[in-house]
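Following: one structure in structure tokens, then a few remarks.
The values are calculated or read from the model by the stated rules, or taken from the named source; none is laboratory data. These numbers come from a predicted model, not from an experiment. Glycine gets a Cβ as well: all are built from the backbone with ideal geometry, and neighbour counts include every protein chain shown. Ligands, DNA and RNA are stripped out before the accessible areas are found, and what is left, the full protein with its side chains, is counted by its heavy atoms. Shrake-Rupley method; radii C 1.70, N 1.55, O 1.52, S 1.80 Å.
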Amino acid sequence: MEQSDFDLQHQNRSVESRIVAALEKISQAFRVLLWQESREFSLTPTQVQVLIFLLHHSEEKRKVSYLADEFNMTKATISDTVKALTQKGLIAKAYEPEDTRSYIIYLTEKGREIASETSFFTREIHAPIDQLHADDKENLLLSLLNIIRHLNKAGIITIQRMCMTCAHYQVSDRGQKHFCTLLNQKLEVTDIRIDCPEYEMKA
Ligand code: SF4
């Protein structure tokens with residue numbers, strides 16, 4: 001890439017740069033929506049993201065070190081978030097019997113309520129996607145998965161649990177056919193997961 005995606009003369013001649021600029025606008029929308037939701041509950045955006053993550057992920061992922069990797073933050077920053085959420089009565093810790101320094105994080109009833117409510121902050125982003133033709137949804141999903149995969153390989157997104165990097169994923173016919181050996185089923189493009197509970201990292 002020789003010219004900036006934000007150089008308007010270049011951008012207006014380049015479809016690739018306009019796609020990047022469009023993705024940047026969408027990332028702004030995520031930030032704005034998350035801020036609005038956070039303010040309503042007197043929380044920070046990170047606190048809301050952690051609550052939503054805790055709501056939808058299993059015990060082994062609900063630990064400080066995992067959350068630090070997930071959100072690309074230091075353990076100290078996540079520990080501060082955990083402390084603040086504990087003080088607000090939204091989460092609780094359950095120490096592990098074999099290692100009293102390590103604990104699993106649980107949502108309290110109030111935490112669960114707020115996490116459920118705030119987890120709909122993407123409503124306005126979801127709405128236009130709903131309106132797309134099925135083929136366009138499929139192409140969009142595939143393109144986004146490829147971008148995420150590249151960002152993962154480049155070390156920018158460290159944790160992801162998508163099919164394409166899973167030990168159970170098989171691909172054939174020059175990337176046209178997808179198969180999950182764990183579920184023992186063919187995956188259509190629209191079945192490819194971006195955050196799979198059964199994900200297993202390739203050895
Ligand atoms: S286990 Fe999950 S992530 Fe892995 S291939 Fe199967 S569906 Fe995809």
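For the reader, a short list of remarks on this structure follows.
- For the chain, the fraction of C-alpha pairs farther apart than 27 angstrom is 44 percent.
- Charged neighbours of Ala92, selected by a Cβ distance under 12 Å, balance to +4 (K, R count +1; D, E count -1).
- For Met201, solvent-accessible area (1.4 Å; no DNA, RNA or ligand), Å²: 150
- Solvent-accessible surface of protein heavy atoms, probed at 1.4 angstrom with all chains present, puts His126, His57 in the order His126, His57, largest first.
- Relative contact order of region 132-191, taken over Cα pairs closer than 8 Å and 6 or more residues apart, is 24 percent.
- For Phe41, the shell of other residues with beta-carbons less than 12 Å away shows a net charge of -1, using +1 for Lys and Arg and -1 for Asp and Glu.
- Relative contact order for region 1-130, counting Cα pairs under 8 Å that sit 6 or more residues apart, in percent: 22
- Cβ crowding within 10 Å averaged over residues, with 62-69, 127-134, 2-9 ranked highest first: 62-69, 2-9, 127-134
- Residues in region 8-118 average 60 Å² of solvent-accessible surface per residue, probe 1.4 Å, ligands and nucleic acids excluded.
- Length-normalised contact order of region 60-107 in % [C-alpha pairs under 8 Å, at least 6 apart]: 35
- C-alpha center-to-center spacing [region 41-97, region 140-194] in angstrom: 27
- Degrees between helix 15-40 axis and first principal axis of the chain (Cα, 0 to 90, nearest 10): 20
- Rg and Dmax [Cα atoms of region 8-118; Å; Rg one decimal, Dmax integer]: 17.6, 61
- Rounded tilt (10° steps) of 45-56 against the dominant C-alpha axis of the chain: 90
- Percent carbon-and-sulfur accessible area, the chain, ignoring ligands, DNA and RNA, probe 1.4 Å: 53
- Entries in Lys25/Lys88; Lys153/Lys202; Lys63/Lys83; Lys61/Lys202 that, when Cα-Cα distance is taken, lie over 22 Å: Lys25/Lys88
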